[in-house]
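Taking it in order: structure first as structure tokens, then the write-up.
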Amino acid sequence: MNLRPGMRESATFDRNVIHEIQRAAETGIYSIRGWGAKRALPHFDDLVFLGASMSRYPLEGYREKCATDVTLGTRFAKKPLLLQIPITIAGMSFGALSAQAKEALGRGATAMGTSTTTGDGGMTSEERGHSRLLVYQYLPSRYGMNPDDLRAADAIEIVLGQGAKPGGGGMLLGRKISERIAQMRTLPQGIDQRSACRHPDWTGPDDLAIKIEELREITDWQKPIYVKVGASRTYYDTMLAVKSGADVIVVDGMQGGTGATQDVFIEHVGIPTLPALRQAVEALKELGLHRKVQLIISGGIRSGADVAKALAMGADAVSIGTAALIALGDNAPKYEPEYEKLGTSAGFYDDYQDGADPAGITTQDPDLAKRLDPVEGGRKLANYLRVLAMETQTIARACGKSHVLNLEPEDLNALTIEAAAMAKVPLAGTSWIPGVSAGL
Ligand SMILES: Cc1cc2nc3c(=O)[nH]c(=O)nc-3n(C[C@H](O)[C@H](O)[C@H](O)COP(=O)(O)O)c2cc1C
């Protein structure tokens, strides 16, 4: 499309909107894709740290320690998870991802002393074998669920929703349902699958409490039980998940990635990570359980700055999905000619549902999947996690903290009024928190 002087693009009907209307008119099918929300949303970028100078004292990078360890599941579980870094790998299904990608995630997480997570579709032997700490997802679909795998896991995550689609269920298109996937999920091969949006055997917090107790019995009260929610009414959802007996709450914001969902869902349902995090922390504080029931936040985490901001706002750890896939090699420029053949480009590829990923990550095609070397992928992911951890430490030291979990809201300012209101930290250069204080 050539935009020449005098031609005005409509803000309401911009080229993407026009393209989507034309596509819908042509096909009669809504748009499905992977990745997370693509439009600009209030985010951690709208916050900055107040580094120490006179009124605060920074720590010396080479001489003074800044610890990064975190323990998850200290409320009821006999065996909480001790992580070396407060960054975990989010649940991504074997189905959405190749077996090689799952193995690489396990290898990378293990090298950095953190956990990885299964996903819709169950646990593979490759990922269990290469993950020292593996969180097992218990999803509405129950695909691939069995009590032996529950016992083989190090923690259990009951998934109520995802940030990319709160209130919606999973999708795996037929072209990704290989023989192995079909067998694990007890589904017919090659037929589109839509998984349930809610658990079949309980409807509210009282039933969930019974379910949690059942899972504790099966696993002899050893494993921490997480509850994962997509960000929407996060204050109440956190309260109810805690009341139901969760050890750890996982909140996934609107920027959170997905393997495949309707575009309209990804862009228009749920609330951004920033306000969801603040609401979850408020709920935990209200219950007197902040830092006792741990909080993991996800949805658009990319850098150590994001990690540090999430911790400062009150999270105990973060979880990453999309960034971990990019670290493995998703959207790598070396596959540009192949991305072009698919009608896209490196950095824009989000057709995870198609199973044609040239990088061998979001595919079940054996030839494509072979392109990802799990050892090399694991090494790259470990490098990336190391950088995130070091960046987080750098910021924590600059704020005078000897542990990254000592970062606090008082270390933050907001650059926009929206972010100040959502995160409840002062607008930079003022003491004004919209809705909280008048301030100067
Ligand atoms: C390819 C892919 C597959 C996913 N599969 C699952 C899943 O099976 N279960 C689940 O709870 N979340 C799933 N998610 C969401 C992640 O667990 C996580 O909430 C999200 O990716 C975090 O946001 P981020 O991608 O911006 O880091 C998936 C995400 C991606 C990118």
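Here, each number is a calculation from the coordinates, and none is a lab measurement. None of these values were measured; they are calculated from a predicted model. Heads up, the Cβs are rebuilt from the backbone with ideal geometry, glycines too, and the neighbour counts pull from every protein chain shown.
For the range 245-268, residues that are more than 9 Å from the ligand (Cβ to nearest atom), surrounded by 24 or more Cβ atoms within 10 Å (Cβ to Cβ) and in a strand (DSSP E or B) total 4. Applying the condition of being not in a loop (DSSP other than H, G, I, E, B) and not hydrophobic (A, V, I, L, M, F, W, C) to the range 287-317 and asking which residue is nearest to residue 388 (Cα to Cα) yields 304.
Applying the condition of being surrounded by 14 or more Cβ atoms within 10 Å (Cβ to Cβ) and in contact with an Asp or Glu (Cβ under 8 Å, 6 or more places away or on another chain) to the range 32-42 and asking which residue is nearest to residue 306 (Cα to Cα) yields 42. Scanning the range 355-392 for residues that are among the acidic types (Asp, Glu) and crowded, with 23+ Cβ neighbours inside 10 Å yields one hit, 357. The set of residues from the range 43-57 being of a type in the set (Gly, Ala, Ser) and buried (at least 17 other Cβ atoms within 10 Å of the Cβ) is empty. Of all residues in the range 17-44, which are in contact with a Pro (Cβ under 6 Å, 6 or more places away or on another chain) and β-branched (Val, Ile, Thr)? Scanning the range 17-44 gives no hits.
Can you confirm whether the range 269-283 contains a residue that is closer than 19 Å to residue 256 by Cα, assigned to a loop (DSSP other than H, G, I, E, B) and in contact with a Leu (Cβ under 6 Å, 6 or more places away or on another chain)?
yes
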